[in-house]
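Heads up: the structure comes next, in structure tokens.
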Amino acid sequence: MLRKCILFAITAVFLVFQTAVDAAHAINVDPELRTVNLDESGEVVTLSMEQVAIGKRVFNDTCAQCHAGGVTKTSPDLDLSPESLAGAIPARDNIASLVDYMKNPTTYDGEIEIYEFHPSTRSSDIYPEMRNLTDEELYAVAGHVLSQPKIIGPRWGGGKTKYST
């Protein structure tokens, strides 16, 4: 009987702790921080909190191995900062163009397709998990990339090479 009571108490504490931790992850991001460019026309869209959560989760699970904090480990000069994204050809500073890139990646100058070398929905052998992402998840990841400079500031994409603590 004592063992059952102890087991019940441990289970109850665990459930209360889990509920408290889950609540802490549900941070509300102000709408102006979730508002990003939709396409080249300058039209903007405000991401829902669900899209913010999905974008963060998918980015962390799928992209952060090479792009943690918005850096590009394989090419530190090309990061995910707003300036770098705007300088690409075509510009990758909006949701539509980032989704296009995740489906059909090209070099920074837009000249050469690199889907055989960069994870994408077309990649056959490189990072096959990316092939399973839905359009909604790609949209959310693009929104995550574009909103991070507003949320965490200029350190997004800067890494240790541009900013020291």
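The values are calculated or read from the model by the stated rules, or taken from the named source; none is laboratory data. Note that the structure is a prediction, hence the values are computed from the model and not measured. Positions of Cβ are generated from backbone atoms using ideal geometry, with glycine treated the same way; all protein chains shown enter the neighbour counts. Accessible surface areas use protein heavy atoms only, side chains included; no ligands, DNA or RNA. Shrake-Rupley method; radii C 1.70, N 1.55, O 1.52, S 1.80 Å.
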Extension gain, Glu111 back to Thr72 (0.36 nm per residue minus Cα-Cα distance, nm)
12.1 nm
For labels at Asp39 and Ala64 in the simple 7 Å Cα→Cβ model, what's the distance in nm?
3.2
Zone of Asp100 (label point 7 Å along Cα→Cβ, backbone N under 16 Å): which residues in the stretch 109-139?
109-115, 121, 139
Whole number in Å², please: accessible area per residue of the stretch 55-126, 1.4 Å probe, ligands, DNA and RNA not counted.
54
Give me the distance in nm between label points sitting 7 Å out from Cα along the Cα-to-Cβ direction at Met49 and Glu32, one decimal.
2.0
Please say if the stretch 46-137 is rounded, prolate or oblate, where rounded means a/c under 1.5 for a ≥ b ≥ c the square roots of the C-alpha gyration tensor eigenvalues, and otherwise the choice is prolate for a/b larger than b/c and oblate otherwise?
rounded
